[in-house]
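To start, the structure under review is shown below, and the notes come after it.
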Amino acid sequence: MAKDNMNAKEAQSPVKGQFPNQDEIVCKDCAFRDKTKVKIGNKEIVVGVTKAFCEKYKAPPESNGKPHEILFGNGICEHYEKEE
Ligand code: SF4
């Protein structure tokens, strides 16, 4: 019964979760990316590439972070430089 109620609420909600994709985001091999990694068991997850800030798009008050299109739309970045 509770599960049915939850599914009904989810179906009615116009709000959808959006998450950057670490395998597709342009930042994944950029020299300016946040290089934070998290190790879970034997797996290393590159959490930094999907963060909202990097060396070019800094936190406020310097900037508001990466543009939405870069984070969520796999957009290109004018500052991108492939890491050597
Ligand atoms: S400079 Fe652009 S491509 Fe590089 S990490 Fe920042 S937002 Fe991503």
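The values are calculated or read from the model by the stated rules, or taken from the named source; none is laboratory data. Quantities reported herein were computed from a predicted structural model and do not represent experimental measurements. Please note: Cβ atoms are built from the backbone with ideal geometry, for glycine as well, and neighbour counts cover all protein chains shown.
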Fill in: Selected residue [modelled with pLDDT under 90 and closer than 16 Å to residue 72 by Cβ] from 9, 16, 3
16
Worksheet item: If you check every pair at least six apart or on different chains, which have Cβ atoms under 8 Å apart with a residue in the range 66-84 that is at pLDDT 95 or above first and a residue that is hydroxyl-bearing (Ser, Thr, Tyr) and assigned to a loop (DSSP other than H, G, I, E, B) second?
Response: 66/57; 67/57; 79/57
Worksheet item: Which one is nearest to residue 16 (Cα to Cα) among residues in the range 36-65 that are touching a residue at least 12 places away in the same chain (Cβ under 8 Å) and of a type in the set (Val, Ile, Thr)?
Response: 50
Worksheet item: For the range 28-84, how many residues meet the condition of being small (Gly, Ala, Ser) and either more than 10 Å from the ligand (Cβ to nearest atom) or not in a loop (DSSP other than H, G, I, E, B) (or both)?
Response: 5
